[in-house]
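Working notes, beginning with the structure itself.
The values are calculated or read from the model by the stated rules, or taken from the named source; none is laboratory data. Computed from a prediction, not measured in an experiment: that's the story for all the values here. No Cβ is skipped: glycine too gets one built from the backbone with ideal geometry, and neighbour counts run over all protein chains shown.
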Amino acid sequence: MSRDKILKSVKKSISFRVEKNVNYSFTKFDNKLEKFIENFKLAGGETVESPEGFDVVLNAQFGVAENGACFINSVKERKLYTFYSSIVIKLDKNRIVNTMEEAMQIAKIDDFAMFLCGPSKTADIEQSLVIGAHGAKRVGIVLE
Amino acid sequence: MRLFNDTDWLNRALWYVRKKRDAAAKSVPEWEELRKAASNIKAHTITHLDRYLEEFEKNALKNGIKVHWAIDAKEHNRIVESILQKFGAKKIVKSKSMLTEECELNPYLENRGYEVIDTDLGERIVQLAKQKPSHIVLPAIHLKKEQVAEIFKQNSSDPTYLTGVAREQLRKHFESADAAITGVNFAIANEGAFVVCTNEGNADLGTSLAKVHIAVMGIEKIVPTLQDLGVFLRLLARSATGQAITTYSSIFKKPSEGKEIHLIIVDNGRSKILSETKFTNALKCIRCGACMNTCPVFRRSGGHEYNYVIPGPIGSCLGAARDIKKHGKMAFASTLCGSCDNVCPVKIDLHEQLLALRGKYKEAVSERKDKFYKLAFVILKYPLLYKAATKILQFMPHSFYKKAWGSSRTVPKAAKKSFSEIYKERIEG
C-alpha cells in the first residue's frame, strides 16, 4: 500500500531531528482599530455606514489589525464568499486582534473558515493591479 | 505599439516585486524573529514528518476528508482520474498547483478526454498560449500586455479590460465544471485541515460550485498546529508579492453537505531529498518565489530557461537534489551571491546547497571531451586567434546564438567595437 510505503520511506529518510523551539512573538499596535481600517482599505476594501446595496452580508468573528483581514467562520453556502460581485462584512469594532498569531489563539473553525481581505484582485498582466478577478469586485465593512 | 528592443524589462519587473517584498518586511519589526520561527517550525516538522503525516491523516479522516497517498507522479495522476471517474466528471477547473505541473496532470487528463481549465489568470494565459508558467507565483510575468491581448484575441491591451474578459470567460467554466482541483499551501496536522491562499478567489469559487474538490499536496506541506499557521500566513504574501496577506486564505476542514473533498498526499522524490542531510532543508520551502525575484541570474534569464518545473534558486536545489544528472546543471546558473538566502522566509541555505550540488554533479557526470572544448582551448591560448575569433563572432547572425542564449530570451545586439579597440583608440589616440 502506498501509504505504508511512503511513511516507511519518510521514517527511514530522516537523518537528523530538530526540536521545536518557537517564540510566537508579535507586535502590539497602539490603535488596533485604526491599523485595521488602514490595512483593510489598502487591500481595496471600503468602510461603509450600512449594508445597503451589497449582494451578500457576511458576519466576521474578528479582524486582524496587521493586515486588515476578517475571519469569517462556516458560512452555510460557501459560494457566498466569491460568487457575488459585492460583499459587505459586519464586524464588532472591539473584536480586533493585533496579528495572525493572536488570531490563531481565538480562531474557531467549524467546517470551513476564511480570512477575507478586500476584493478579489490580480496583477498577472504586466504587474498592473486589477480589482475583481474572480471574486467580489467590491468589499465593504460595517464596523458596529 | 511598444517595441521590444528593451531586453532589461523582465529584470526590472522582477526587481520591482523584490522591492515590494522589502517594504513589507521592513514594516514588520519582528520580521527576523518570524523567519527564525518559520525556519524552526519547518525544520522540526520535516525531521518528524512521519509522525505529523499520521497525525494529519487521522484528523483529516475524522473530518470526513478522503485521504489518498501517491508514491509518484504516475500514481497521483491515476488517483485524480479515478476520483473523476467516480463522479462522472468530465470538466475540471484547476487553481494554481505546481505539484500538478510537476506530475504533468493536464496533458495526462487531456489525452484521456477530460477538459482542464486553469483558472488562475496567469496560468490561464500561459495555458491558452500553450506555454509553461515561467514563475511559480507570477506565471505570465514573461509576457507583455500586448502579447496577452493577442492570446485573448482582443484589440485592447488594457489589463483591466483583459482581466474583465477573462473573468467573464472563466465564470462560464466555473459554473459548468464537474470537479475542482486545487493545490495546498499548508496542511495543519492537529486540525486535519488544509489551507489554500489566493488573491483571485478562483480556488474558492471553483470548489464552492463543483461537487467534488480534489486537493493535492507534497508531503512537506504539513505544519503542526494552527498557531504555526499564523507565523506562515504572516510571511507568505509579504515574501511573494509584498502584500500583508492574500485576499483569500481559506481553511478547508470538512466538506460541504452533499459534496466530497479528496486529498492526495504525494511523495514523488521528496523522501529521497529528505534522506540527503545536506539538501533536507530545501523541503522547508513554502513556494513564495522571493528567491526568484532577487536572483540576478533568474531576473535576466526568466523561468523558461531552467529545465525543471520550478525555476530559480529553489528550483535548482529541488531539481538537482531529485535528479542530479538531469537537473544538476542548474546549480551552475548562479553567482552564489547569496541574495536568495537573505530573502527566503524559512531561511533555506540555498547558495550553500547550490555549491554542494555542483560537487555532486561533477561526481555524477564525467567531463565533456568534445571537439568544441578542444577548439575553444586553442583559441584562448593564442591572442591573434582570439582576436580573430571575437571579430568573427561579433558579426555572426542572431540565429547562431539562439540556442545557447535561450529560446525564450532576446539576443542583444553585438557592440560595434570591442573593449580593447575602444581602449586602444582612447589611450593611444
Could you tell me whether any residue of region B:98-119 is acidic (D, E), within 12 Å of chain A (Cβ to nearest Cβ), crowded, with 22+ Cβ neighbours inside 10 Å and not in a loop (DSSP other than H, G, I, E, B)? yes
Restricting to region A:75-89, and then to whatever is assigned to a loop (DSSP other than H, G, I, E, B) and either in contact with a His (Cβ under 6 Å, 6 or more places away or on another chain) or at the interface with chain B (Cβ under 9 Å from one of its Cβ atoms) (or both), can you tell me which residue is nearest to B:K26 (Cα to Cα)? A:T82
Just one of B:L226, B:L236, B:L209 is in the same structural domain as B:E57 (by TED's automatic domain parsing), touching a strand residue (DSSP E or B) at 6+ places or on another chain (Cβ under 8 Å) and under 30 Å from B:L355 (Cα atoms); which is it? B:L236
Could you tell me whether B:A43 is within 13 Å of chain A (Cβ to nearest Cβ), out of contact with any Ser or Thr (no Cβ under 6 Å at 6 or more places or on another chain), at pLDDT 95 or above and surrounded by 20 or more Cβ atoms within 10 Å (Cβ to Cβ)? yes
Surrounded by fewer than 21 Cβ atoms within 10 Å (Cβ to Cβ), over 24 Å from the mean Cα position of the chain (by Cα), more than 10 Å from chain A (Cβ to nearest Cβ) and assigned to a loop (DSSP other than H, G, I, E, B): is that true of B:G64 in this structure? no
Being crowded, with 24+ Cβ neighbours inside 10 Å, over 14 Å from the mean Cα position of the chain (by Cα) and assigned to a strand (DSSP E or B) is the filter here, so list the residues in region A:122-144 that pass it. A:T122
Go through region A:11-46 and give me each residue that's among the aromatic types (F, W, Y), surrounded by 14 or more Cβ atoms within 10 Å (Cβ to Cβ) and at the interface with chain B (Cβ under 7 Å from one of its Cβ atoms). A:Y24, A:F26
Cross-chain or 6+ apart pairs with Cβ under 7 Å, region B:153-165 first and in contact (Cβ under 8 Å) with a residue 24 or more places away in the chain and at the interface with another protein chain (Cβ under 9 Å from one of its Cβ atoms), then in a helix (DSSP H, G or I) and not β-branched (V, I, T): B:T163/B:L121
Considering only residues that are out of contact with any Lys or Arg (no Cβ under 8 Å at 6 or more places or on another chain) and within 14 Å of chain B (Cβ to nearest Cβ), look in region A:90-110 and name the one that is surrounded by the most Cβ atoms within 10 Å (Cβ to Cβ). A:A103
